[in-house]
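Just below is one structure, and these are the notes that go with it.
The values are calculated or read from the model by the stated rules, or taken from the named source; none is laboratory data. Just so it is clear, the structure is predicted and the values come from calculations on it, not from any experiment. Cβ placement follows ideal geometry from the backbone for every residue including glycine, while neighbour counts extend to all protein chains displayed.
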Amino acid sequence: MKLLDKIFKFNGGVQTNPKKDISTKNSIKCLPIPSELRLPLRQHIGNMPKLKVKVGDQVLKGELIAEADGNISAAIHAPTSGKIKSVEKLLIPHPSGLPDFCVTLIPDKKDQWIKKAPVNWEKLGMEKTIKLLLNSGIVGLGGAAFPSHLKLGNNRNSPINTLIINAAECEPYITCDDMLMRERGNDLIKGIKLVQSLLGAKQTIIGIEDNKPEAYKIISDLIIKESSVHIKVVPTIYPSGDAKRLIFLINGIKISKEKRSSEYGIQMFNVATIVAIYRFIVHGEASLSRIVTITGNIKEPRNYEVLFGTPLESLIQDTGGQKIRNNTFIMGGPMMGFKLPSIDVSVTKTMNCVISAEPEMIEAKKEPLPCIRCAKCAEACPVLLQPQELFWFSKSDQFEKAQNYNLFDCIECGCCSYVCPSNIPLVQFYRYAKSEIIAQSIEKEEADIARERNDFRILRLEREKKERAERNAQRKAENTSEEKSKLIEEKRAEIAAAMNRIKDNEKIK
Amino acid sequence: MFNQQSPFVQKAPTVTLVMMLVMFALLPGIIAYIFFFGIGVLLNLTIAIITALISEYFVLKIRNLPVKLFITDGSAVVAASLLALSIPSIAPWWIIVIGTLFTIIIAKHFYGGLGSNLFNPAMVGYAVLLVSFPAVMTKWPLPASHLLDFNIVQQIQIFFYGTKEIIDSVSSATPLDYIKTQIFLGKPFDLNFTNGMPINSYFNASIIISLSFLLGGVFMWWIKIITWHLPVTFLLSLALISAIFWLIDSSQYLPPFIHLFSGGTLLCAFFIITDPVSGPTTPRGKIFFAFGVALLVYLIRVFGGYPEGVAFAVIFMNICVPLIDSLTQPKVFGHE
């Protein structure tokens, strides 16, 4: 197949130190059920799910704890059997460091399953299957946490031709997808075939970076007999795992910011999400756990299969703790991840990796120098933006100009900051500019609404005034014509009556 | 606040390292220069760098900027060196001091310092000197292996006292200047040897110096400090423009190789127009910019009042950079 040989290189990108081998020496480990699970209700993009349990309720493994609220939402299930201890605001793994609603579950250690209900999707039809998936709790496990039923269901207008499996895992350190492919290749291939049929796609292409030869070997051996499933090796250039970059690497199609890949007949899933969908449809198991890489400055880096809600601290303890103690952990990769506000958080659906910070990651960075316009950042930008101009506009609050230079196309991959000789934290400036613009547009919208209301009020008051004046004028006019004549007539009638009475009186006399 | 957000890893040379590598790339050219034009080149360089660092120090103090951070960035050293390499090796010391002060204080710091200067600082310094002291600025010593046959003491004397007699005895106009005069006077010129104008020895020296700068330039391209766009476009355009004129009338116009290997052509191609701060940033913009510089260099050399046009060409094109950049934005991914 010709397409499989050709790689469409995107502009820029950077070659990072992958540091993946440190966490792939050991196999995926499962930990015993912890004594407490803390489940944040908001673990995905979209609405917070509606709570279906009360404090004190006994739940079984896989039982619905919170139900998807609306279409853009995802459910939360009990990862094991136990008792609901509390529902309260607790610290969650989020860059803001703000607490959010969490359900705390005390496991009874029996790990008793609810009755599993595999989905006979061929019999049920897609619409009903999608409805079931809405409450499967499955979200994109690559880190974006976009509810998966939306990607499986929203294709009525544009049929999906190609399913792309994102196995690039381009961020340094992270190996959870790599290990999944090595150890659970069979489930993955079954899942791929299932999702391919669910989507009605003709072919599947697995995109994998060339730094994962073991996983590549296993998967390519497994798909030898599958005529519609292919694997394509892409060069190890960060951010090859970004959805739009990977699609371009594979088929040379550039998908613009406004469009979705499905409009081009392409749908993409991360390997872990595929396995989660497979387990739900075939085994009737909701999304209860994931694989997390614990790596970096740690005694024994490795991957763990963990129940959602497991305290992160128990994982860190299991690895033997930090080599150099600094109590700083990064969630996600070093390029796009964020510093955890505290280690006192639990594993969520978005937690693909936790890096115990290496000293050089958190040491005070060198003082940034002014931009010398060397354009190294522009050479590295995979979106072909001009980071040096965006920096200038963001720094000087020229937001309109920044938008003209396509600030919102920025994917915050960090390549520009990675190569900047002046040490400028470029991405932070873009984040700042974006949030300012969003805040301003919300403000403007509110102001617009307020102004509209005020305009309308003034208009209404004027109209009412006018109407009142009209009514008064009419009444006056009526008074002068009809009512006067009526009055005159009445008076005349009264006079006539009086005259008659006088006449009558005279007659009597 | 700045170390709290991603990316947490970085792999970039510092500005200081970049500037030091530029200096390293200049070395072959500097050595060839000294070989042909004598120790005066080295004196010029030393005085320029010292003046640059001292003036940078005081300006940073006055501007209340972190002195250590900015003085070690190396940009002043590079700018001063480029200026020194453009100045005749027999120029007196005060010429280089005035030029450097202009370069650092006015062209660099008056416009906001590192990263903010609109014009190429070295070229501003050079242009000021050329306009103010045309006689000194166009007198070059006869190129020879001056390290061997020219008295070093004598050179230092020239440098510090600017003894007119000595200057006159060893200097002459540059070939470009000479040929221009000849053409202006309607006299024929001979590229081999004409009335006391040893063009041959000039060009032998010039070609070797040019190739040394080329070597340094290729090194900078190889370690990715510069991209090919600016030097390649500049050299090709200059060759093409001069070839067209030369083909039209070879008695009036010089052949392309003389334009390529004389004056500061190669220094300009790899070290002057590649100044990132005052130059364009987009790939297409770099091509337009380099073409513009080449065209202006040719026009000034051939039709203008100055023998060498690099400085004015670069300064003029610097003005156009914001426009060039805004008109040559590459297509953003997915915006086709």
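Would you mind finding the one in A:ALA433, A:ALA498 that is in a helix (DSSP H, G or I), free of Cβ contacts under 8 Å to residues at least 12 places away in the same chain and not basic (Lys, Arg)? Step by step, each of A:ALA433, A:ALA498 is checked, and only A:ALA498 is in a helix (DSSP H, G or I), free of Cβ contacts under 8 Å to residues at least 12 places away in the same chain and not basic (Lys, Arg). All of B:VAL321, B:VAL332, B:VAL293, B:VAL297 fail the test of being part of a loop (DSSP other than H, G, I, E, B) and β-branched (Val, Ile, Thr), apart from B:VAL332.
When segment B:5-58 is filtered for residues that are small (Gly, Ala, Ser) and either surrounded by fewer than 18 Cβ atoms within 10 Å (Cβ to Cβ) or within 30 Å of A:SER417 (Cβ to Cβ) (or both), the ones remaining, listed by number, are B:SER6, B:ALA12, B:ALA25. One residue stands out in segment B:281-336 among those that are among the small types (Gly, Ala, Ser) and within 13 Å of chain A (Cβ to nearest Cβ): the one that is surrounded by the most Cβ atoms within 10 Å (Cβ to Cβ), namely B:GLY285. Return a yes/no flag: does segment B:74-81 have any residue that is within 28 Å of B:LYS224 (Cβ to Cβ) and touching an Asp or Glu at 6+ places or on another chain (Cβ under 6 Å). Yes, there is a match, as at least one residue in segment B:74-81 is within 28 Å of B:LYS224 (Cβ to Cβ) and touching an Asp or Glu at 6+ places or on another chain (Cβ under 6 Å).
Among the residues of segment B:202-260, the ones that are farther than 15 Å from B:TYR298 by Cα, more than 17 Å from the chain's Cα centre (by Cα) and of a type in the set (Phe, Trp, Tyr) come to 6 in all.
A:VAL292 satisfies every condition listed in (1) assigned to a loop (DSSP other than H, G, I, E, B); (2) buried (at least 24 other Cβ atoms within 10 Å of the Cβ); (3) among the hydrophobic types (A, V, I, L, M, F, W, C) except (1). Only one residue in A:TYR432, A:TYR418 is crowded, with 17+ Cβ neighbours inside 10 Å and either on the phi > 0 side of the Ramachandran plot or not charged (D, E, K, R) (or both). Which one? So the residue among A:TYR432, A:TYR418 that is crowded, with 17+ Cβ neighbours inside 10 Å and either on the phi > 0 side of the Ramachandran plot or not charged (D, E, K, R) (or both) is A:TYR418. Counting only helices (runs of 4 or more DSSP H) that fall entirely inside segment A:350-408 and contain at least 3 residues that are within 20 Å of A:TYR432 (Cα to Cα), the qualifying elements are A:387-395, A:399-404. Note on segment B:240-261: among residues that are in contact with a Pro (Cβ under 6 Å, 6 or more places away or on another chain) and crowded, with 17+ Cβ neighbours inside 10 Å, the one that is nearest to B:PRO283 (Cα to Cα) is B:SER242.
I need the full set of residues from segment B:233-248 which are closer than 15 Å to B:PHE271 by Cβ and without any contact (Cβ under 8 Å) to a residue 24 or more places away in the chain, in order please. Before the answer, list the steps.
Step one: of segment B:233-248, the residues closer than 15 Å to B:PHE271 by Cβ are B:234-235.
None; the set is empty.
Every listed requirement among (1) among the small types (Gly, Ala, Ser); (2) more than 10 Å from chain B (Cβ to nearest Cβ); (3) within 30 Å of the chain's Cα centre (by Cα) is met by A:GLY320 save one, (3). When the test is whether a residue is modelled with pLDDT of 95 or more and within 21 Å of B:ASN204 (Cα to Cα), B:LEU266 does not pass it.
Here A:TYR173 clears all of (1) under 23 Å from A:ALA78 (Cβ atoms); (2) at pLDDT 90 or above except the condition numbered (1). Looking at segment B:1-95, the helices (runs of 4 or more DSSP H) lying wholly inside it that each contain 3 or more residues that are under 25 Å from A:LEU369 (Cβ atoms) and in contact (Cβ under 8 Å) with a residue 40 or more places away in the chain sit at B:15-37, B:40-63, B:75-86. Looking across segment B:58-72, not a single residue is hydroxyl-bearing (Ser, Thr, Tyr) and away from chain A (no Cβ under 13 Å).
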